[in-house]
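Working notes, structure below.
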Ligand code: SF4
């Protein structure tokens, strides 16, 4: 049951910090920049969220799917101008490892706006 989001594929969102720096052509249409600008906020300023938001998961008692950092990027190292281009084989290996371990596999995007290959279009959820 969604607690604080209208996003269909997750139960909750959690943004322990917000903001990000555009570092590659893939950031050109960043929705976080669009939304922050719409709200009159500076998307390029990275800030820690207020304590009520930062500590929000401490209140959650039931298992849930959580979209973390919808207004920033945890893995920005791989988005810089020198980032490696996502290879299909890397994700296929992860998909196979997930299947072997009984772990859901959820593929959200490739790098540089490339389409997700058909064999990677899994969007599974924990039970
Ligand atoms: S790395 Fe992600 S969150 Fe950060 S500016 Fe680029 S698209 Fe936006």
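Just a few scattered comments:
- Size descriptors for the chain (Cα atoms only): Rg and Dmax, in that order, 16.2, 46 Å.
- Measuring how big segment 1-76 is from its alpha-carbon positions, Rg and Dmax come out at 13.2, 40 Å.
- Inter-site label distance for residue 68 and residue 41 at 7 Å from Cα along Cβ, in nm: 1.9 nm
- Using R0 = 25 Å, the C-beta based FRET efficiency linking residue 60 and residue 125 works out to 0.90.
- Estimated [θ] at 222 nm from DSSP helical runs (n ≥ 4, -39500 (n - 2.57)) normalised by residues in the chain, nearest 500: -5500 deg cm²/dmol
- Values of log10 I(q)/I(0), in the order q = 0.24 Å⁻¹, for segment 84-127 under a Debye, Cα-only, solvent-free model: -0.83
- For the chain, the relative contact order is 26 percent, taking Cα pairs closer than 8 Å that sit 6 or more residues apart in sequence and dividing their mean separation by the residue count.
Taken together, the values in this text are just the output of simple stated rules run on the coordinates, not laboratory data. Please read all numbers here as calculations on a predicted model, not as lab measurements. Glycine gets a Cβ as well: all are built from the backbone with ideal geometry, and neighbour counts include every protein chain shown.
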